[in-house]
Amino acid sequence: MPYPFSYFQNLFPFRRAFEKRQCLTWPQLLFTWIFLLALTCIPVSWVNLQRTSYPLEQLVPQAYRAFDQEQVDRIAATGITFDQRQARISQKTSWKVGEDWIIIGEKVPQSSGFVWEFQEDMARLMQSNQEVARFSYGGLETKALSRSDTWIQSLNKAWFNHNRLVISLFILLLSWGLLSLNFFLLTLGSAALLYLVSKSRFNSLKGFKESLHIILYSLGIPTLVTCLLGLLGLDLATSVLVQNSLFLLTLALVFYQTQFRDH
């Protein structure tokens, strides 16, 4: 059976990963490596497309520390309302909360802490007199001021909607980078260890290419399973753990069935 169908045919039973360790050329090995890496990244991309919000505190720790229930009630008491990406400010005011400030319609003071500024057309967050976030009021509703947690969730949603492209690209690049690094270390590191094993006269392995064959075959089923689980909602860290654990289990089964020796 021609490649790439032969690759899937050789995933099971597990001993075929050893028996067919000379079937693929270097270009086919490279394509298989890229294909498996792409499968690993698909769930992250899918989840990111479905995302409607992202916590600002992931990038700016303690950004919402000023918004306890008392301060949210005080904001609501000013009569501020949100409608069609605009804020209607009936009372300009500002007050200090610990080291932080909440500003509604007034000029921003100098501060070493956080400053939340709400103007008619936008909101922004300052930290140590430097702007760290800016967004319009899309998705922000006046009724969110009824509770502190609802208010924070609404701010997260408004911030994400305004900066969707930048935030999504940042999350994707970070996730892809971590997954690619893990996959690179997993495949080449494991292949290098098998290559060292091939130096022993107690097995039939010959060279790095055969070792890489076995590793890529052993990664096939774990990567397909992880991709499916990721699409069903499994988080990134658990997905990496599942993939690595299933890979080690598969490689152990390959060794158990063959002892890396031709019979």
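Below is a table of values for the structure above.
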| quantity | calculated |
| --- | --- |
| Test: ASP83 is open to solvent by less than 90 Å² (accessible area, probe 1.4 Å), over 28 Å from ILE167 (Cα atoms) and acidic (Asp, Glu) | no |
| Residues being polar (S, T, N, Q) and open to solvent by less than 70 Å² (accessible area, probe 1.4 Å) - total across the range 86-112 | 3 |
| Restricting the range 35-48 to residues that are open to solvent by 40 Å² or more (accessible area, probe 1.4 Å) and touching a residue at least 40 places away in the same chain (Cβ under 8 Å), the residue that is nearest to ASN156 (Cα to Cα) | VAL47 |
| Scan of the range 79-100 for residues that are over 17 Å from GLY138 (Cβ atoms) and touching a residue at least 24 places away in the same chain (Cβ under 8 Å), ordered by number | ILE89, VAL97, GLY98, ASP100 |
| ASN182 vs. criteria in a helix (DSSP H, G or I) and open to solvent by 20 Å² or more (accessible area, probe 1.4 Å) | yes |
| Test: residue in the range 118-139 that is acidic (Asp, Glu), closer than 14 Å to ALA66 by Cβ, in contact with a Lys or Arg (Cβ under 8 Å, 6 or more places away or on another chain) and modelled with pLDDT of 90 or more | no |
| Pairs with Cβ under 8 Å, 6+ apart, first in the range 205-221 and at positive phi, second open to solvent by 30 Å² or more (accessible area, probe 1.4 Å) and in a helix (DSSP H, G or I) | GLY207/TYR195 |
| Answer residue from the range 144-179, given it is among the β-branched types (Val, Ile, Thr) and within 15 Å of the chain's Cα centre (by Cα) and is surrounded by the fewest Cβ atoms within 10 Å (Cβ to Cβ) among those | VAL166 |
| Qualifying residues in the range 185-207 (those that are open to solvent by 70 Å² or more (accessible area, probe 1.4 Å) and hydrophobic (A, V, I, L, M, F, W, C)) - the one farthest from GLN259 (Cα to Cα) | LEU185 |
| Evaluation of THR32 against (1) surrounded by fewer than 12 Cβ atoms within 10 Å (Cβ to Cβ); (2) of a type outside the set (A, V, I, L, M, F, W, C); (3) touching a helix residue (DSSP H, G or I) at 6+ places or on another chain (Cβ under 9 Å) (one fails), failing number | (1) |
| Selection within the range 64-114 - part of a loop (DSSP other than H, G, I, E, B) and either of a type in the set (S, T, N, Q) or closer than 15 Å to ASN129 by Cα (or both) | THR78, GLN84, SER90, GLN91, GLU99, LYS107, VAL108, PRO109, GLN110, SER111, SER112, GLY113 |
| Residues of the range 125-143 satisfying the condition of being of a type in the set (Lys, Arg) and either over 27 Å from GLU99 (Cβ atoms) or crowded, with 17+ Cβ neighbours inside 10 Å (or both) | LYS143 |
| Count - residues of the range 230-256 that are surrounded by 15 or more Cβ atoms within 10 Å (Cβ to Cβ) and either β-branched (Val, Ile, Thr) or over 12 Å from the mean Cα position of the chain (by Cα) (or both) | 11 |
| Residue count, the range 1-29 (criterion: among the aliphatic types (A, V, I, L, M) and either free of Cβ contacts under 8 Å to residues at least 24 places away in the same chain or open to solvent by 50 Å² or more (accessible area, probe 1.4 Å) (or both)) | 1 |
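The values are calculated or read from the model by the stated rules, or taken from the named source; none is laboratory data. Keep in mind that what you see is a predicted model, and the values were worked out from it rather than measured. Here Cβ is always computed from backbone atoms with ideal geometry, including for glycine, and neighbour counts include all displayed protein chains. Areas reflect the complete protein model, heavy atoms only, side chains present, ligands, DNA and RNA absent. Shrake-Rupley method; radii C 1.70, N 1.55, O 1.52, S 1.80 Å.
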